[in-house]
Amino acid sequence: MPNSIDQALDNLFDMFLSTAPESSRLVEFDPKWPSPCYQSKGKTGEHVIWTPVLCEPSLRLSNVEAGMDIQLHDDLHRYFGRYFSDNLDLQTERGNLQLLFAWNESDFDRLQQNIIGHLLMKQRLEQPPTVFFAVTDEEDFILTVDNENGAVMLEQVGLPPTEQLAPDLATFIGSLTLPEQKIIDLSL
């Protein structure tokens, strides 16, 4: 039986691929920033379609664990290590957010460096360790995973988390929907 975070991500990407407009899957092609997500090659700056790609084998946040001498909650390894993907714009009942993913292996390395920076800040502020996985429309508010129990938390950068949004990542991801698409009437 697959881990529930794996299934939640698989379901999310299935929903995204089957219902999101193709325009939401366009990115500027950059040959200097290769990714298995590109569905075709293009000229620099040309828009091409991308799709999430399963990482084989799955990636792990080993550099974070080694650099911080910490064991990360397994949901974090599964979340960041299962797919290469562009970031996804989604919504909750409380507002819009952007789930963060790695575009390629270099981006995964950069992501690990950013997580280490976040954990160092938490350490300096003598706050329990959390790891970000999404940004919100609200300035300085991020969504994090409490490393101790795996709960999804709302956190203002530099402050302890203030509110639990879900007991775990799988539950939270399962509650996300695509943003409502604005329909433009061109007949006016």
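Of note:
- Loop trypsin sites (Lys or Arg not before Pro), the range 1-76 (other Cβ atoms within 10 Å of the site Cβ: 13 or fewer; DSSP): Lys32, Lys41, Lys43
- The range 121-169: GluC sites (Glu not before Pro) in DSSP loop, at most 16 other beta carbons within 10 Å: Glu126, Glu138, Glu139, Glu148
- Here the spin labels are modelled as points 7 Å beyond Cα on the Cα-Cβ line, and at Glu105 and Met121 they lie 2.9 nm apart.
- Inter-centroid distance (Cα atoms) of the range 96-123 relative to the range 2-55, Å: 18
Every number in this text was worked out from the coordinates using simple rules, so none of it is lab data. The shown structure was predicted, so the numbers you read here are calculated from the model rather than taken from an experiment. Quick reminder, even Gly has a Cβ in these numbers, built from the backbone with ideal geometry, and neighbours come from all protein chains shown.
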